[in-house]
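First comes the structure, then the notes that go with it.
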């Protein structure tokens, strides 16, 4: 499908500089784009690439328009406009309505006629799957699970009993939603007694969950993920966590049980957040940070120490241990040898 | 199912204060409990919630009983007693004996008649599945694998050849047990030669393994997880690791190959433990800690630095680098510019 | 299968000391080996175990040969030679050509006759599977995916559309290759607009990818993993990452999007690498290190701080904060209270 720049400018309400009849049919990076491609400039460091681009058009801010050798679509937020046009040029294939002959659907499950159910998918008793959903190959949908319209479970997604998904949710392969939380009581001898995990998982609309991520069911009450939340791959969400709307969490991050994170937070990759704490709205956590206590003020927080050459790092650690002993008045550290 | 408080007190050997005929049929948090719910107080900070509870009964310590406005079950370990009663009130459904018509079971596999085998499950040649097991939908059980009685593989669990599980093991969806360890020899040019991974995995009784966790087979000898061990989600256990009985490991933690962790250890989330080291019994590792060397004394260990506002964090790092240079006598660090 | 030491010495071009007719048929550790076992000594700290071994033969360096009480195969790189002989003694079973009756293969997929396709595997439209491949049980191979000869997808591997694998690739269960990258543009109100992820994943020859690891497709251009790369379990590779040949990455490590890592790098476990940076060839990153900026010189880099007893750790942190305030001249930190 191709679109004239004039059509795009009207549809998305942005300014156009250059030939309104020029047509684009795909997206490409500035340096690789040909005259049928749409590109974008969000990072001013790429201005040199802009000067050399052969793209059909570039999405950019007004301040950069003067440097653009080809037609430009001008907007305050080039990244977002580019995303919207790219979705138009590269639409997701709609589900192909029907149930694969190998799938196993419980007789009392409610599956709209417009739903696509892939090979080897299992839909359990009493589950309800909304219109135009994709239940991809190998998915396991537990008894009583509810899935809102236009939700896409790409493949091999597991939704255990007690899970409710909103509309337009997108879950990537291998994700497991609703497994037991990690809840045990300890006996005097160190043995663990399992605390039954009987809560569910409630997920809002427009949530995306990455490959092989895990979201545990609540212990008694529900784990809650509000609308618009985005989780990357290999993210762990513990039982009874509450994630506020539009919060995004990058890969390999773990959020421990009963922690509440506000709306519009951005949590970097490889972060660890302790359990039973509160993080307010609009907090940014730098990648690899450890969050041990509540955060009550919006802002950016960090605790990472970036890599150093190993010899220098060893000197730093040795120096720091000495400085720490001095800093603490030499008490206690290594038997008080300050 | 409902139980009178008198029945519970007798069955679990605890003291009862209040109406012995009062019946409870589910568990709930203090603040949300109605008169048919059992609740518990383990955290003294919740005493205010205790004062306002409408629960049918509360499990608590004797010291708190005076503050409880409703009947109380009194014990030294409220969390453990609550867990046991909750398991009685919310029992796991027993397996529904039989093999789903879509499952694929090798003719020479030994599957007890009381076993439930779910849709699209595969049980390989020579595998042995004990009485009352659940082999959930989409599980892959390799040739020769042994699974003890009353073990539950919830869904999409992979057990590769060489794996032996004890009784009452619980494994959550997506876990992979017995994949090859990460073993390679390096050639002069940097190419890697795979070291065949021919050991197995031995897992004791009453072990729980979380969603999408991975436990590698041994290189030559077995990887061993002793009875009562609990692993959370997204935990990685390297080849030839040995985990002692009743050790618990929280999510997103990785234990590198050939490391031996003792009994009754508690390892927090997001921890990394180096390979080829020893950790003795009864060690607690705080979340997000790095363990590079052996630990020979019981106790609690940590190395995390918690998040700071980013401007403060940058000053801390700058100050620490300067302090480290002073601490090390100014030698070497950044060309000796101390 | 058993081999005489003389055959092994000729086949692998190494020196033999001892009885050339001695035969070995399996590998074992020094301490557990019987006279039909081959063992090896790569770590000089195990010299005492060498003195007591009853192995049929030991692979070792010339310098250790004098301490060996049994026949020895002598080489400059005992670990690599041992790996090669172990692969000979413990060969991987070749695929058992044929398609399991429960598998679902698209009529227009191209699957060589020598391929083994396991139970409940799905091969999508237009996919091409090379000679002697294993597509294990529960694998999902998307439309148009290309898989080179002799590649083994052990079980429950997901390859999404746009993925191309080379020859002799080995992928362990649960790995997801080609899921969407984590790409969103942010609107003024904090809502996220998905950036369509239309790139693919190109993987070279002889690559190994561990259980439950994830490799995202590129946003526009491809994510690239060059030949000989080895990834451990639970590793996350973001969109548009480029990994150079023979680079190895240990478990629980995440590489953020658009980062380029050179050839022959070794990245430890639990490492986090920021996005949009460059790491040159021949870099070693110690386990648990955070890499926030580009690395332009070969060498070893670290930023971990290993566990300390918690009381000492608290003193260290307190001392360091004080030292940092002094180091920074007392400005700003906690209101300037230096």
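Let's see how each residue does on (1) within 11 Å of chain C (Cβ to nearest Cβ); (2) surrounded by 18 or more Cβ atoms within 10 Å (Cβ to Cβ):
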site: A:32; (1), (2): yes, no
site: A:35; (1), (2): no, no
site: A:41; (1), (2): no, yes
site: A:50; (1), (2): no, yes
Seminar exercise, completed: Residues of the stretch B:12-30 being closer than 20 Å to residue A:198 by Cβ and either in contact with a strand residue (DSSP E or B) (Cβ under 7 Å, 6 or more places away or on another chain) or without any contact (Cβ under 8 Å) to a residue 40 or more places away in the chain (or both), in sequence order, are B:23, B:24, B:26, B:27, B:28, B:29, B:30
Exercise. Inside the stretch C:279-294, can you point out the residues that are facing another protein chain (nearest Cβ under 7 Å) and over 30 Å from residue B:300 (Cβ atoms)?
Worked result: C:293
Exercise. Residues of the stretch C:60-79 being under 19 Å from residue C:11 (Cα atoms), touching a residue at least 40 places away in the same chain (Cβ under 8 Å) and surrounded by 17 or more Cβ atoms within 10 Å (Cβ to Cβ), which ones?
Worked result: C:71, C:72, C:73, C:74, C:75
For this session: Kindly list, by first and then second residue, each pair from a residue in the stretch A:304-320 that is facing chain B (nearest Cβ under 7 Å) and more than 18 Å from residue A:290 (Cβ to Cβ) to a residue that is surrounded by 16 or more Cβ atoms within 10 Å (Cβ to Cβ) and at pLDDT 85 or above, limited to pairs with Cβ atoms under 8 Å and residues at least 6 apart or on different chains.
Result: A:316/A:308
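Rundown of residues vs (1) surrounded by fewer than 21 Cβ atoms within 10 Å (Cβ to Cβ); (2) on the phi > 0 side of the Ramachandran plot, yes/no style:
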{"residue": "B:175", "(1), (2)": "no, no"}
{"residue": "B:181", "(1), (2)": "no, no"}
{"residue": "B:187", "(1), (2)": "yes, no"}
{"residue": "B:190", "(1), (2)": "yes, yes"}
{"residue": "B:205", "(1), (2)": "yes, no"}
{"residue": "B:209", "(1), (2)": "no, no"}
{"residue": "B:225", "(1), (2)": "no, no"}
Exercise. When you look at residue C:107, is it away from every other protein chain (no Cβ under 11 Å), modelled with pLDDT of 95 or more, assigned to a loop (DSSP other than H, G, I, E, B) and surrounded by 13 or more Cβ atoms within 10 Å (Cβ to Cβ), yes or no?
Worked result: no
Exercise. For the stretch B:136-242, list the strands (runs of 3 or more DSSP E) that sit wholly inside it and hold at least 2 residues that are at pLDDT 95 or above and farther than 27 Å from residue C:119 by Cβ; which are they?
Worked result: B:184-186, B:192-194, B:223-225
For this session: Please go through the stretch B:110-126 and pick out each residue that is within 13 Å of chain C (Cβ to nearest Cβ), assigned to a loop (DSSP other than H, G, I, E, B) and buried (at least 19 other Cβ atoms within 10 Å of the Cβ).
Result: B:118, B:119, B:120, B:121, B:124
Seminar exercise, completed: Per the list (1) over 16 Å from residue A:220 (Cα atoms); (2) surrounded by 24 or more Cβ atoms within 10 Å (Cβ to Cβ); (3) in contact (Cβ under 8 Å) with a residue 24 or more places away in the chain, residue check on residue B:82 breaks on (1)
Exercise. Quick one: is residue B:275 surrounded by fewer than 24 Cβ atoms within 10 Å (Cβ to Cβ) and at pLDDT 95 or above?
Worked result: yes
Exercise. Among the residues of the stretch C:61-68, is any within 22 Å of residue C:1 (Cα to Cα) and modelled with pLDDT of 95 or more?
Worked result: no
Problem set entry | Boolean, residue A:102 is within 14 Å of chain C (Cβ to nearest Cβ) and either out of contact with any helix residue (DSSP H, G or I) (no Cβ under 8 Å at 6 or more places or on another chain) or assigned to a helix (DSSP H, G or I) (or both) | yes
For this session: Give the stretch A:231-269 a look and list any residue that's surrounded by fewer than 24 Cβ atoms within 10 Å (Cβ to Cβ) and more than 14 Å from chain C (Cβ to nearest Cβ), or say none.
Result: A:242, A:257, A:258, A:259, A:260
Problem set entry | Selection count, the stretch C:54-97, where residues are away from every other protein chain (no Cβ under 14 Å), part of a loop (DSSP other than H, G, I, E, B) and touching a strand residue (DSSP E or B) at 6+ places or on another chain (Cβ under 8 Å) | 6
Exercise. Surrounded by fewer than 20 Cβ atoms within 10 Å (Cβ to Cβ), within 23 Å of residue C:285 (Cβ to Cβ) and within 7 Å of chain C (Cβ to nearest Cβ), is that true of residue B:299?
Worked result: no
Exercise. When residues of the stretch B:294-316 are filtered for being touching a strand residue (DSSP E or B) at 6+ places or on another chain (Cβ under 6 Å) and modelled with pLDDT under 95, how many remain?
Worked result: 7
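The values are calculated or read from the model by the stated rules, or taken from the named source; none is laboratory data. Please read all numbers here as calculations on a predicted model, not as lab measurements. All Cβ positions, glycine included, derive from the backbone under ideal geometry; neighbour counts span all protein chains shown.
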